[in-house]
Amino acid sequence: MTMPSNSLQSVRTFVDAELGLYQNINPFTSPEVVNTEYSNFQDQPANLGTSIRLQLPYTPYVNAGIKPKFQALEQNYIDLTVDQAWHNAIGINNFELIYNLKPEEYMNKYGKAAMKVMGDKVGSIIAKNANSSVPVQTVVDGELVATGDLHTESGPYLFYGSQNTAATVAINTDLQLKEAVTAHLNIGCSGSDICMIIPDMAADAILTSMLSQYAGRRNDAITAPGNPWELPDLMMASRRIKIYTSNLLPQHVAGACGNDSTGHTLTIQSLTVDADGGISAIVARSSLTSQSGALKSGDLIEFADAGSLRPRYKTHMGDIVSSNKIQIRVTADCDTDGSGDATIPITPKLYVAPGIKQNVNVAIVAGMTMTVMPSHRCGLIISDRSLYGCMPKLPETDPFESFVQTDPETNTSMRFYRGWIMDQGVKGCIRDLILGTLLVPKNSRRMLFPTTV
């Protein structure tokens, strides 16, 4: 195979073409889904390091009466960290350069295949935000090495599906999709730029349910000759919700409690309350004693109703009790002891005292019960362009020939460089990128599909 001639312009030609391919690989590399506004935050004045702090909306509190009760102005923020890196490298020897592949075959064969693999790898990492399983990595001798921790600050804690059961219930109708969006809006999530990403294998059942309805114009459009039978946008009032499908959404494997028909019910024993009044961990009892891996990081838990007691979240703004049950996400693996007790670190913190931080409507006390959700395939609802992908521009590779390109539309960057490895008679060609990703918890919701899809 003859590589592009030794000129910077030819390298640039390949990078430009490959970036165009990259953008169209899957929804997790699409500018319609992933917000790349902060891709080159290293260029911002006074911003040092591999993280940028993003400010979230303020949450003002309204007091009764007309006598002023002054409150502190508290900023809400979340960090976006660049700690992922991926590359594709090939070595071509002298004989391959001369005899094997013609120059014009490079882009049509290897270049397209390489970008498909790179795009799927990047997309799969971004998709891991669905169950908060993006690995934390650190730089050791110039290489990124996994620390064993996960980016639990990212990803939803609210969810739709599988309530009060130890087996995931199918989501297979457009009515269920609309119910999920309604719950998302009910708690006060932004109604702008809502999109939904569901497993590709779930799409046909939902399409079938739509075709069984009396909606002639819509159904004719779905089944029209040449139409790929894609899910149409959901129309809810004046909102248009775009639906994407993906084969990259992660399967969340729940701990033993979530997958046990009796052990999935937990009874609260005690609480860990931080100095700011927030409940950050719950000691809860399961019927599973001395169980390793009773709960796993990313497990979802829902508070149960009991008679007139209806534990609910308050809306994100406005201090109004919503219709959303209290749902929490586990942020670290937990075992149960000989009594069946596990200390469960959770997100978000639960605040029960009246005031600016209060986010639940009832006191959390011993004796309350909760349900752990079973294993499932993840789906996502995202609003307000709150899924961030950050792909900063890498430096050039002098003395090796290189080109680094940032796409002006998506802010995604890729580097392509090449050079002879003189003592091996091989020409090395490398394309690489670095990545940071974040999904704002309050503006997202996990959807629980059966593991069979």
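Read the figures in this text as sums done on the coordinates, not as results from a lab. All values derive from a computational prediction rather than experimental measurement. A quick note on method: Cβ atoms are made from the backbone with ideal geometry, for glycine too, and the neighbour counts reach across all protein chains shown.
Key figures for this structure:
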item: Ranked 262, 315, criterion: other C-beta atoms within 10 Å, fewest first; result: 262, 315
item: Neighbour net charge for residue 361 - beta-carbon separation under 9 angstrom, K R +1, D E -1; result: +3
item: Residues 400, 28 arranged by fewest to most Cβ contacts within 10 Å; result: 400, 28
item: 5 Å-binned pair-distance histogram of region 265-374 (Cα, whole percent); result: 2, 13, 22, 26, 19, 11, 5, 2, 0
item: Net charge of Cβ neighbours under 15 Å - reference residue 284; Lys, Arg +1; Asp, Glu -1; result: -4
item: Virtual spin-label span in nm between residue 251 and residue 113, 7 Å along Cα→Cβ; result: 2.7 nm
item: In nm, spacing of pseudo-spin labels at residue 310 and residue 339 (7 Å Cα→C-beta vector); result: 3.4 nm
item: Neighbour-count ranking [beta-carbon atoms within 10 angstrom, fewest first] of 153, 396; result: 396, 153
item: Distant-in-sequence amide H partners of residue 340 (H built 1.01 Å from N, under 5 Å); result: 290
item: Compactness of region 243-309 - radius of gyration and Dmax, Cα, Å; result: 15.4, 43
item: Whole-Hz couplings from phi, Karplus 6.51/-1.76/1.60, listed for region 83-89; x for Gly and Pro; result: 9, 10, 8, 9, 8, 10, 10
item: Calculated from backbone phi, Karplus (6.51, -1.76, 1.60) coupling profile of region 335-345 in Hz, x at Gly/Pro; result: 10, 9, 8, x, 8, x, 8, 9, 8, 10, x
item: Residue 236 long-range amide H proximity, modeled H, under 5 Å; result: 241
item: Net charge, residue 50 excluded, C-beta distance under 13 Å - Lys, Arg +1, Asp, Glu -1; result: -1
item: Label-point separation in nm, residue 400 to residue 271, each point 7 Å along Cα→Cβ; result: 5.6 nm
